[in-house]
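Here the structure comes first, spelled out in structure tokens, and everything after it is commentary.
The values are calculated or read from the model by the stated rules, or taken from the named source; none is laboratory data. Since this is a predicted model, take the numbers as computed values, not measurements. Cβ coordinates were reconstructed from backbone atoms using ideal geometry, including for glycine residues, and neighbour counts include every protein chain displayed.
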Amino acid sequence: MDSMEQKLEILVDSLLLDYQKGRDIDRTLSYRHPDKDAIIDMTVKLLRIVYPGYSRDKSFRIYNAKHNLSMLIEDVVFHLIEQITLVLQDSMERDTARETAQKLSLAFMEQIPAIRAMAQTDVDAAFAGDPAAASKDEIIFCYPGLFAITVYRLAHGLQQLQVPTIPRIMTEYAHSVTGIDIHPGATIGDHFFIDHGTGIVIGETTVIGSHVKIYQGVTLGGLSTRGGQSLRGIKRHPTIEDHVTIYAGASILGGETVIGHHSVIGANAFITDSVPSCTTAVSLEQPLQMKQRHCPGCGKQE
Amino acid sequence: MDSMEQKLEILVDSLLLDYQKGRDIDRTLSYRHPDKDAIIDMTVKLLRIVYPGYSRDKSFRIYNAKHNLSMLIEDVVFHLIEQITLVLQDSMERDTARETAQKLSLAFMEQIPAIRAMAQTDVDAAFAGDPAAASKDEIIFCYPGLFAITVYRLAHGLQQLQVPTIPRIMTEYAHSVTGIDIHPGATIGDHFFIDHGTGIVIGETTVIGSHVKIYQGVTLGGLSTRGGQSLRGIKRHPTIEDHVTIYAGASILGGETVIGHHSVIGANAFITDSVPSCTTAVSLEQPLQMKQRHCPGCGKQE
Amino acid sequence: MDSMEQKLEILVDSLLLDYQKGRDIDRTLSYRHPDKDAIIDMTVKLLRIVYPGYSRDKSFRIYNAKHNLSMLIEDVVFHLIEQITLVLQDSMERDTARETAQKLSLAFMEQIPAIRAMAQTDVDAAFAGDPAAASKDEIIFCYPGLFAITVYRLAHGLQQLQVPTIPRIMTEYAHSVTGIDIHPGATIGDHFFIDHGTGIVIGETTVIGSHVKIYQGVTLGGLSTRGGQSLRGIKRHPTIEDHVTIYAGASILGGETVIGHHSVIGANAFITDSVPSCTTAVSLEQPLQMKQRHCPGCGKQE
């Protein structure tokens, strides 16, 4: 085992040396970075503030709701200030960062009632739109679409206050849980319903109106990313007007593409030009080639 | 900091006010709701009961398997009764709810051997069907398809006993872990194999036979959900007969659509009409447009 | 409650009986199996070794980086030896297994600097390729593509040393977190960029060059798996040469299919034959059928 220890020591030394190459990945000052775990924990608590009756804080009772809620909010604000300070301190003095973080955190928390009002419309839209929804409780408890949308609405609030990095960590957390990737920079109206959801991508500069319904595998994306960083900030993703339904697997691409209000986009449609309002745009079904086969398991041809 | 405290207090007050609007999201009595975390924990323990050797309860040894198993089962039954009572108490008295929950929990647990028998056929199907599977151990340890199917089989057992909300929380947990969304109401035969799996959707009224094989991105869905809640309970999703293989990205839609036994559905096929048995249905490949380009990186045209 | 206890006892007995049928799922000796939770924990720690500054070990400071790193590495090596011993002991004596595990663990850890060098190129590629990336920090913190690629690179290192089961548990963990399914047997060059990622499948015998860029929903897969286990080890998945970009939803299938260097594969292309180098291969867009409709919500036809 002595030789094992020696080998380990050589190993450690060689890795320590490897950290001294000055690359991005060699940054070791984790205490100068935001704390991803703390941000995810805060996101979960923010969801509890939005839907107070749907997660378990066993001591929560209506007659001391004020105390519980106070504690929960104070906890969230504390961590929010902490994390915003960390992401701001690269561009300003620590004291200024902290002061700014306090202002931003309060400004964000004041948006919560407006975010909750939106959340209720999203619940309503899910219940109205999904025959498989047995109750609104079921939707709030377990619909991944509602989860991803609510996390997006919270992250978007921070994004609008120009808080860096944290909003994206929040939406990537939701992406990981749901397979729904909504960039915090997107703009999305009320009564938004996502069904199933896995594989949905909604890009940074997408604009979505009210009463829009989207199914699994839909991409609202850019036409090409060959420009890379030179495209930063430019509108690269589509605009979806009010009351549009987009069925599974459709791709709508490009910053100048507009889907007019009350239109329906069929499954798997590939769209790079605008669609007028009150229009059903269906991808012509690819003809199927049917071939009877001598069936190995079945043994008969029918 | 005094002013910070005052601001926090105003914030808390405004949020408390926001909870008094009587909307769905304003329900704050979490102790009258099922406990999602407890249900997920119970699901993980049920999986350990199905595959006892594949997760780590370090004290588990064959000579006291009975004690360990007893403890595990008692724990699961205890939580099951607890959670079923919670979801039933909206529609009946607490005492009746508890009594019913006890009966339902035992009735469910008695199905476990039958569910385990199905699980073994699913393991066999995965090993037979996947050249990348190095061993059955590897399948039981890490195949997301088997995970999602087994959670579905457990949830379906509860669903058949008319237990509300809990089955969907279980399958949405599996959806979150695997990207595979199987509604607990679906009916699925033995030897079911899902490969890769991300993006699969299997709707509530789908019926799937034995020896069926499904790849990533497949949707077994409804034709339109414009009817919303008015479609509740109606068969909206397809029937897949025995020995059918459905390749990646195919969509099969509609409650009257039947895929006959021993048929093969090609990748990306979009199917809204029935396909006879012993038939290969392939979407005609979309012709490719190939264009040589002056290659920026390569600099030569070939 | 007495009768409940009796019923529970009958239940336990019937389940114990069910474990004695000698099926794969009846194996109950979990202590002879690797420990999935320990392997996932080890994977998270390996990621911390690759990107030391991006996760939170609050005590980590530059002036005692050596101590922290030593502890982290020793911990990882300890668990690695433990788990490799467990997966090897089916095919060799326990002592030989342990000795082999020690050698393999050290051999693997010595690859870490090379894996880190690759990881830095992946970070560079993501930043260069994505206009939505605000900083390299954001990429390392929260891009699921980088997460899945890095876990793959680590798992691939173990796979090359012929360690069974563990590499697949690692990549399936990443699959679960990201929706990106990269088999540890695949071969992937430097500067690899995956954007969004959900629904990507990269099969066991895929070969990918340098500077390749892949979007969500792309499958690099086999043409048919009807051969099942008889196809084990045969090259069934495509080869992607340097500087290729593959847009969302494209499927490239077959072991003899080669995408030549500097080529671009368009969204949703379905490719089963080779594509020459410096070529743009675009699936001809499926024509859209546009139909004005009497709009229920809007009430006007435009």
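For the range A:181-195, state whether one or more residues are polar (S, T, N, Q), over 16 Å from residue A:83 (Cα atoms) and in a helix (DSSP H, G or I). Checking the range A:181-195: not a single residue is polar (S, T, N, Q), over 16 Å from residue A:83 (Cα atoms) and in a helix (DSSP H, G or I). For residue A:209, the conditions (1) under 23 Å from the mean Cα position of the chain (by Cα); (2) surrounded by fewer than 23 Cβ atoms within 10 Å (Cβ to Cβ); (3) facing another protein chain (nearest Cβ under 8 Å); (4) in contact (Cβ under 8 Å) with a residue 40 or more places away in the chain are fulfilled apart from (3). Considering B:189, B:233, B:228, B:222, the condition of being surrounded by 18 or more Cβ atoms within 10 Å (Cβ to Cβ) and not hydroxyl-bearing (Ser, Thr, Tyr) is satisfied by B:222 alone.
Of the listed requirements (1) within 13 Å of chain A (Cβ to nearest Cβ); (2) within 12 Å of the chain's Cα centre (by Cα); (3) acidic (Asp, Glu), residue C:172 misses just one: (1). Checked against (1) more than 10 Å from every other protein chain (Cβ to nearest Cβ); (2) in contact (Cβ under 8 Å) with a residue 60 or more places away in the chain, residue A:182 passes all but a single condition, namely (2).
Does residue C:126 satisfy the criteria of being under 27 Å from residue A:255 (Cα atoms), part of a helix (DSSP H, G or I) and not β-branched (Val, Ile, Thr)? In short, yes.
Is it the case that the range B:54-64 has a residue that's within 22 Å of the chain's Cα centre (by Cα) and modelled with pLDDT under 95? Yes.
Matching residues to (1) within 28 Å of residue C:234 (Cα to Cα); (2) surrounded by fewer than 22 Cβ atoms within 10 Å (Cβ to Cβ):
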residue: B:126; (1), (2): yes, no
residue: B:136; (1), (2): yes, yes
residue: B:145; (1), (2): yes, no
residue: B:151; (1), (2): no, no
residue: B:178; (1), (2): yes, no
residue: B:182; (1), (2): no, no
residue: B:193; (1), (2): yes, no
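Would you call residue A:120 modelled with pLDDT of 90 or more and either on the phi > 0 side of the Ramachandran plot or facing chain B (nearest Cβ under 10 Å) (or both)? Considered against the rule, which asks whether it is modelled with pLDDT of 90 or more and either on the phi > 0 side of the Ramachandran plot or facing chain B (nearest Cβ under 10 Å) (or both), residue A:120 comes out as yes.
Can residue A:143 be described as closer than 29 Å to residue B:90 by Cα and within 10 Å of another protein chain (Cβ to nearest Cβ)?
The answer is yes for residue A:143.
Suppose the filter is of a type outside the set (A, V, I, L, M, F, W, C), touching a helix residue (DSSP H, G or I) at 6+ places or on another chain (Cβ under 9 Å) and within 30 Å of residue C:106 (Cβ to Cβ); does residue C:172 pass it? Spelling it out, residue C:172 is indeed of a type outside the set (A, V, I, L, M, F, W, C), touching a helix residue (DSSP H, G or I) at 6+ places or on another chain (Cβ under 9 Å) and within 30 Å of residue C:106 (Cβ to Cβ). Only residues that are without any contact (Cβ under 8 Å) to a residue 60 or more places away in the chain and not in a helix (DSSP H, G or I) were counted in the range B:129-143, giving 6. Counting only residues that are touching a residue at least 24 places away in the same chain (Cβ under 8 Å) and part of a helix (DSSP H, G or I), the range B:148-171 holds 15 of them. Taken over the range A:239-291, the criterion of being facing chain C (nearest Cβ under 10 Å), of a type in the set (Gly, Ala, Ser) and either under 20 Å from residue C:293 (Cβ atoms) or not in a strand (DSSP E or B) (or both) is satisfied by A:249, A:260, A:263, A:266, A:269, A:277, A:281, A:283. May I ask you to list the residues in the range B:26-53 that are modelled with pLDDT under 90 and part of a helix (DSSP H, G or I)? Answer for the range B:26-53, where residues must be modelled with pLDDT under 90 and part of a helix (DSSP H, G or I): B:26, B:30, B:31, B:32, B:52, B:53. The single condition among (1) at pLDDT 95 or above; (2) closer than 19 Å to residue B:213 by Cβ; (3) crowded, with 24+ Cβ neighbours inside 10 Å that residue B:130 does not meet is (1). Considering the range C:1-25, and only residues there that are within 15 Å of residue B:120 (Cα to Cα) and in a loop (DSSP other than H, G, I, E, B), the residue that is nearest to the chain's Cα centre (by Cα) turns out to be C:23. The residues listed here are C:236, C:232; of these, the one that is without any contact (Cβ under 8 Å) to a residue 40 or more places away in the chain, under 19 Å from the mean Cα position of the chain (by Cα), within 12 Å of chain B (Cβ to nearest Cβ) and over 26 Å from residue A:179 (Cα atoms) is C:236.
Conditions (1) within 14 Å of the chain's Cα centre (by Cα); (2) modelled with pLDDT of 95 or more; (3) on the phi < 0 side of the Ramachandran plot; (4) within 12 Å of chain C (Cβ to nearest Cβ), marked per residue:
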residue: A:164; (1), (2), (3), (4): no, no, yes, yes
residue: A:190; (1), (2), (3), (4): no, yes, yes, no
residue: A:194; (1), (2), (3), (4): yes, yes, yes, no
residue: A:205; (1), (2), (3), (4): yes, yes, yes, yes
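So which residues in the range C:248-288 are small (Gly, Ala, Ser) and under 25 Å from the mean Cα position of the chain (by Cα)?
Listed by number, the residues that qualify are C:248, C:249, C:250, C:251, C:254, C:255, C:260, C:263, C:266, C:267, C:269.
Of the residues that sit in the range C:90-105 and are buried (at least 17 other Cβ atoms within 10 Å of the Cβ) and either in contact (Cβ under 8 Å) with a residue 60 or more places away in the chain or under 20 Å from residue C:36 (Cβ atoms) (or both), which one is farthest from the chain's Cα centre (by Cα)? The extreme case among them is C:97.
Matching residues to (1) under 26 Å from residue C:211 (Cα atoms); (2) modelled with pLDDT under 95; (3) surrounded by fewer than 20 Cβ atoms within 10 Å (Cβ to Cβ):
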{"site": "B:252", "(1), (2), (3)": "no, no, no"}
{"site": "B:256", "(1), (2), (3)": "no, no, yes"}
{"site": "B:269", "(1), (2), (3)": "no, yes, no"}
{"site": "B:272", "(1), (2), (3)": "no, yes, yes"}
{"site": "B:285", "(1), (2), (3)": "no, yes, yes"}
{"site": "B:294", "(1), (2), (3)": "yes, yes, yes"}
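Return the residue satisfying two criteria in turn: it lies in the range B:110-123 and is in a helix (DSSP H, G or I) and of a type in the set (S, T, N, Q), and of such residues it is nearest to residue C:230 (Cα to Cα). Restricting to residues being in a helix (DSSP H, G or I) and of a type in the set (S, T, N, Q), the top hit is B:121.
More than 29 Å from residue C:189 (Cα to Cα), at pLDDT 90 or above and outside any helix (DSSP H, G or I) - does that describe any residue in the range C:71-81? The answer is no, given that none of the residues of the range C:71-81 is more than 29 Å from residue C:189 (Cα to Cα), at pLDDT 90 or above and outside any helix (DSSP H, G or I). Of the numbered criteria (1) buried (at least 18 other Cβ atoms within 10 Å of the Cβ); (2) over 28 Å from residue B:91 (Cα atoms); (3) more than 7 Å from every other protein chain (Cβ to nearest Cβ), the one residue B:10 fails is (1). Residue check: residue B:295 meets all listed conditions (1) within 11 Å of chain A (Cβ to nearest Cβ); (2) out of contact with any Asp or Glu (no Cβ under 6 Å at 6 or more places or on another chain) but one, namely (1).
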